[in-house]
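Participant: I have a structure I would like to understand better, so I am pasting it below and will then ask my questions one at a time.
Read-outs: derived from the displayed coordinates by stated rules, not from any lab. Predicted model only: the values in this text are computed from it and were never measured. Cβ: placed from backbone, ideal geometry, glycine included. Neighbour counts: every protein chain shown.
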Amino acid sequence: MSRKRKPKKIKQIATPKGKKLSQLRANVWASELSLIPIVGDGAIVQRGEAWGKLIPVLLIDSSERPDVRELFRLHSDGMGDVTYKWRLGSREPYTAFLTLSFERPVRCSFTLELPVNKYGGLTDIAVANELVSLQSAKAGDRLSDKPNEDRIVVQVGSDTFRAMWYDYYEKATISRFLARGFDRSASKKSANAAIEQHRILNNIRFS
């Protein structure tokens with residue numbers, strides 16, 4: 001008989017008041033965070049917005065969340081209030097979590113689970129450029145299929161989290177090279193080169 005796996009433990013890096021989760025609660029479980037599935041991703045540049053920076057786009061499956069579908073429907077006028085909270089997994093597999101809590105036009109809250117091995121590059125762009133764009137979708141949808149779909153762009157900047165993410169992302173990338181058989185010195189060198197190359201591309205500004 002297979003053993004039931006416990007949900008992944010995560011720790012909070014920073015709250016709006018600058019407190020660590022350990023000061024508020026010893027453990028937080030991923031099952032408590034209203035995770036919403038990500039079914040697609042990409043990146044866009046919108047003329048006249050974000051100073052020509054890349055904006056990562058996450059396609060989220062709202063089929064089981066009527067409140068989230070209503071959020072997208074009513075948010076088309078571009079108005080809304082939202083707070084956000086970044087978290088990082090406390091152990092492998094390396095994973096970032098972004099919790100978004102909307103107050104209007106619809107009150108709802110959900111968390112995006114961002115495994116570094118899949119979404120590390122997009123998360124790095126979101127953290128650096130302080131923006132993420134959300135698009136309602138269903139399984140099988142692709143960004144290229146609905147390029148003009150309404151999206152919600154959320155500011156997610158945090159100087160405190162950025163520094164912690166950069167360290168975390170480096171460790172995750174080093175771990176990936178170690179898993180390929182590189183020794184630690186070569187893994188660190190290769191990880192830093194890969195991250196530097198990625199950030200050079202991200203620093204390009206599109207007019």
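Participant: If each residue's Cβ is checked for other Cβ atoms within 10 Å, how do His75, His198 rank with the fewest at the top?
Facilitator: Values: His75 21, His198 17.
Fewest-to-most Cβ neighbours within 10 Å comes out as His198, His75.
Participant: Filter Lys53/Lys188; Lys118/Lys146; Lys85/Lys188; Lys118/Lys171; Lys85/Lys171 down to the pairs with a C-alpha to C-alpha distance above 26 Å, please. Each step should come with its number before you reach the end.
Facilitator: Values: Lys53/Lys188 28 Å; Lys118/Lys146 22 Å; Lys85/Lys188 29 Å; Lys118/Lys171 15 Å; Lys85/Lys171 21 Å.
Over 26 Å apart, Cα to Cα: Lys53/Lys188; Lys85/Lys188.
Participant: Multiply the residue separation of Ala179 and Thr83 by 0.36 nm, subtract the distance between their alpha-carbon atoms, and state the gained length in nm to one decimal. Intermediate values should be presented prior to the final figure.
Facilitator: Details: separation 96, 0.36 × 96 = 34.56 nm, distance 3.66 nm.
Computed gain between Ala179 and Thr83 is 30.9 nm.
Participant: Can you tally the net charge around Gln135? Count Lys and Arg as +1, Asp and Glu as -1, for every other residue whose Cβ sits under 9 Å from the Cβ of Gln135. Write down the numbers at each step before the final one.
Facilitator: On the way: positive: Lys146, Arg151; negative: Asp141, Glu149, Asp150.
Net of charged neighbours comes to -1.
Participant: What is the dipole size for the range 121-207, taken about its Cα centre, with +1 at each Lys and Arg Cβ and -1 at each Asp and Glu Cβ, in debye to the nearest 20?
Facilitator: Numbers: 13 positive and 11 negative charges, 68 e Å.
I would put it at about 320 debye.
Participant: I would also like to ask the following. With a ≥ b ≥ c the root eigenvalues of the C-alpha gyration tensor of the range 85-184, is it rounded (a/c under 1.5), prolate (a/b larger than b/c) or oblate?
Facilitator: Numbers: a/c = 2.30, a/b = 1.58, b/c = 1.45.
Prolate, because a/c is 1.5 or more and a/b exceeds b/c.
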